[in-house]
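First up is the structure itself, then whatever we jot down about it.
The values are calculated or read from the model by the stated rules, or taken from the named source; none is laboratory data. Just so it is clear, the model here is predicted, and its values are computed rather than measured. Note that each Cβ is placed from the backbone with ideal geometry, even for glycine, and that neighbours are counted across all protein chains shown. To get the accessible areas, we keep the full protein, side chains included, count just its heavy atoms, and leave off ligands, DNA and RNA. Shrake-Rupley method; radii C 1.70, N 1.55, O 1.52, S 1.80 Å.
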Amino acid sequence: MSENNKPGLGFNSSIIHSEYVAPDGFAAFPVGIHHASTVLFDNVAAMRERSWQDKSGYTYGLHGTPTSFTLETRLAEIERGEHCLLTPSGLAAITLVNMAFLQSGDHVLIPDNVYGPSRDQADWLSRSFGVKVSYYDPLIGAGIAALIEENTRLIWVEAPGSVSMEVPDVPAICAAAHERGVLVALDNTWSAGIAFAAFKYGVDIIMQALTKYQSGGSDVLMGAAITRDKALNARLQMAHMRLGFGVGMDDVYLVLRNLPTMQMRFNAHDQSARKVASWLANRPEISKVLHPALPDCPGHEIWQRDFTGAAGLFSVVFDAMYGEEQTDRFVDSLKLFKLGYSWGGAHSLCVPYRMQYMRTNWSGARILVRFNIGLEDTQDLIADIEQALVTLTQSEVP
């Protein structure tokens, strides 16, 4: 037996059951990373008394550690909410809300400009689980009252739509919904909780894709659902437990690390995007710029009334003389802008979308090209777009 072993314990047991505990009093800016599946209790009574729904203590790693509790609290503070639950992705947060508040026979209203995977999930709920789904014009405002049925339980809103960028009248939708006792859930990812105070305007549940501005590094997948109401949060907690949603604490730490710079980065994306969008608005190749801060964007006046910022995401419509072959060539000719989904990171992105496959009723341009303006020098981004625009009139890429 090694002289370092505890009396009566073998070498391996002595290593596993070390009694050392680091001293208290350590202070630093970063939040500690607490990994755990198993959480320890002092005794059986403590184990039986503690509830996984009560965040004053810990029960099992799936339900949180000090690291995830800290991020949840900070996200709730940013949104001016009270309760927050983390999910493995933004789509998982949408799933959480749907599973918490919808069941067979219920009716849900979804904007026609909804995030593509959210639409696919809604169609799946309708096809396989007996949930009635109706898609509505995102600019319907108070007119949504006419679409609410006796079994309507939930109305989803995106502000703005993530590709076609319409800005909805959230207060009007919420007022109509609450008059009939219907909940409103908002995808507030575009504003990151910075540019739109959703609870102030009547929203009941906010979901965020933390993959975007909260992460800021294009390297984390995570989502969140945030509420002010204790009863709503309890239903979300039960769905969260039943779905088995968990997040890795290393990823939680990465989001926590980047939160202090989020508003600074958001403002930089916003300022650069407005410059690029304004430049594009004066180009003859572009017929419309769908940026909420510019007049051509549907719902621009709502954005002026309710929002304080505009983020880095917008879309453009090319002149009708250019078809898909030309716009695809434009995208392929970009150098600083990379081709890929998501947004909110330091790198600029560009994606073409075939709108006829994404909307129930679409009479606009067949192709929209969406830009995510990153943190590169604005003039370099404009120069990159300018050189790519030249290829629109070429028969092939040089």
Evaluate the stretch 2-20: report whether one residue or more is within 30 Å of Phe196 (Cα to Cα) and surrounded by 12 or more Cβ atoms within 10 Å (Cβ to Cβ). no
Checking Leu91 against (1) in contact with a Leu (Cβ under 8 Å, 6 or more places away or on another chain); (2) closer than 24 Å to Tyr213 by Cα; (3) among the aliphatic types (A, V, I, L, M); (4) open to solvent by 50 Å² or more (accessible area, probe 1.4 Å), which single condition isn't satisfied? (1)
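Considering each of Val182, Val255 in turn, give the residue that is open to solvent by less than 10 Å² (accessible area, probe 1.4 Å) and more than 15 Å from Thr87 (Cβ to Cβ). Working first, answer last.
Numbers: Val255 fails: more than 15 Å from Thr87 (Cβ to Cβ).
Going through Val182, Val255 in turn, just one is open to solvent by less than 10 Å² (accessible area, probe 1.4 Å) and more than 15 Å from Thr87 (Cβ to Cβ): Val182.
Among Gly309, Gly345, which is under 26 Å from the mean Cα position of the chain (by Cα), within 29 Å of Asp120 (Cα to Cα) and not hydrophobic (A, V, I, L, M, F, W, C)?
Details: Gly309 fails: within 29 Å of Asp120 (Cα to Cα).
Among Gly309, Gly345, only Gly345 is under 26 Å from the mean Cα position of the chain (by Cα), within 29 Å of Asp120 (Cα to Cα) and not hydrophobic (A, V, I, L, M, F, W, C).
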Answer yes or no as to whether Ala268 is under 25 Å from Leu71 (Cβ atoms) and at pLDDT below 95. no
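Output the residue which, of all residues in the stretch 384-396 that are open to solvent by 80 Å² or more (accessible area, probe 1.4 Å) and under 27 Å from Lys275 (Cβ atoms), is modelled with the lowest pLDDT. Quick ask: steps written out before the conclusion?
Within the stretch 384-396, the subset open to solvent by 80 Å² or more (accessible area, probe 1.4 Å) is 386, 390, 393, 395-396.
From what's left, under 27 Å from Lys275 (Cβ atoms): 386, 390, 393.
Working: Glu386: 98, Val390: 96, Thr393: 84.
Per the stated criteria, the residue is Thr393.
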Kindly state which strands (runs of 3 or more DSSP E) lie completely within the stretch 99-168 and contain at least 3 residues that are more than 26 Å from His240 (Cα to Cα). none
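Can you tell me how many residues within the stretch 169-182 are in contact with a helix residue (DSSP H, G or I) (Cβ under 9 Å, 6 or more places away or on another chain) and not in a loop (DSSP other than H, G, I, E, B)? Reasoning before the result, please.
So the first thing to find is which residues in the stretch 169-182 are in contact with a helix residue (DSSP H, G or I) (Cβ under 9 Å, 6 or more places away or on another chain), and the list is 169-177, 179-180, 182.
Keeping just the survivors that are not in a loop (DSSP other than H, G, I, E, B) gives 170-177, 179.
Going through the stretch 169-182 one residue at a time, the tally reaches 9.
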Taking the stretch 350-375 on its own, how many of its residues are touching a residue at least 60 places away in the same chain (Cβ under 8 Å) and either more than 17 Å from Glu324 (Cβ to Cβ) or hydroxyl-bearing (Ser, Thr, Tyr) (or both)? 8
Matching residues in the stretch 126-145 - criterion: being closer than 13 Å to Ala172 by Cβ and aliphatic (A, V, I, L, M): Leu139, Ile140, Ala142, Ile144, Ala145
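Which one of these is on the phi < 0 side of the Ramachandran plot and out of contact with any helix residue (DSSP H, G or I) (no Cβ under 6 Å at 6 or more places or on another chain): Gly299, Gly248? Walk me through how you get there before you give the answer.
Working: Gly299 fails: on the phi < 0 side of the Ramachandran plot.
Being on the phi < 0 side of the Ramachandran plot and out of contact with any helix residue (DSSP H, G or I) (no Cβ under 6 Å at 6 or more places or on another chain) holds for just one of Gly299, Gly248, which is Gly248.
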Could you list, ordered by first residue, the pairs with Cβ atoms under 7 Å in which the first is in the stretch 122-145 and of a type in the set (Ser, Thr, Tyr) and the second is part of a loop (DSSP other than H, G, I, E, B), at least 6 apart or interchain? Tyr135/Asp112; Tyr135/Thr360; Tyr136/Asp112
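Would the stretch 214-223 turn up any residue that is farther than 18 Å from Leu86 by Cβ and touching a residue at least 24 places away in the same chain (Cβ under 8 Å)? Spell out the reasoning first.
Start the filter on the stretch 214-223 by keeping residues that are farther than 18 Å from Leu86 by Cβ, which leaves 218.
After this cut, where a residue has to be touching a residue at least 24 places away in the same chain (Cβ under 8 Å) as well, the list is 218.
Checked the stretch 214-223: at least one residue is farther than 18 Å from Leu86 by Cβ and touching a residue at least 24 places away in the same chain (Cβ under 8 Å).
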Of residues in the stretch 23-37 being in contact (Cβ under 8 Å) with a residue 24 or more places away in the chain and not small (Gly, Ala, Ser), the one surrounded by the fewest Cβ atoms within 10 Å (Cβ to Cβ): Pro30
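Considering each residue of the stretch 66-82, count those that are outside any helix (DSSP H, G or I) and either aliphatic (A, V, I, L, M) or crowded, with 20+ Cβ neighbours inside 10 Å (or both), and give that number. Can you show your working first?
Here is the first cut: in the stretch 66-82, the residues outside any helix (DSSP H, G or I) are 79-82.
Subset that is either aliphatic (A, V, I, L, M) or crowded, with 20+ Cβ neighbours inside 10 Å (or both): 79, 81.
Final tally of qualifying residues: 2.
Return the only residue of Asn98, Asn43 being under 30 Å from Val351 (Cα atoms) and among the polar types (S, T, N, Q). Quick ask: steps written out before the conclusion?
Details: Asn43 fails: under 30 Å from Val351 (Cα atoms).
Only one candidate qualifies: Asn98.
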If I filter the stretch 197-208 for residues that are touching a residue at least 60 places away in the same chain (Cβ under 8 Å), buried (at least 20 other Cβ atoms within 10 Å of the Cβ) and more than 26 Å from Gly161 (Cβ to Cβ), do I get at least one hit? no
Is it the case that some residue within the stretch 226-238 is within 11 Å of the chain's Cα centre (by Cα), open to solvent by less than 50 Å² (accessible area, probe 1.4 Å) and touching a residue at least 60 places away in the same chain (Cβ under 8 Å)? no
Would you please list the contacts, defined by Cβ atoms under 9 Å and residues six or more apart or on different chains, that run from a residue in the stretch 325-343 that is within 19 Å of Leu313 (Cα to Cα) to a residue that is loosely packed, with under 13 Cβ neighbours inside 10 Å and charged (D, E, K, R)? Leu336/Asp380
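Criterion first (outside any strand (DSSP E or B) and within 24 Å of Gly105 (Cβ to Cβ)) does Ala185 satisfy it?
No; evaluated as a whole, the condition is false for this residue.
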Are any residues in the stretch 38-53 among the β-branched types (Val, Ile, Thr), open to solvent by 90 Å² or more (accessible area, probe 1.4 Å) and either in contact with a Leu (Cβ under 8 Å, 6 or more places away or on another chain) or over 24 Å from Met249 (Cα atoms) (or both), and if so, which ones? none
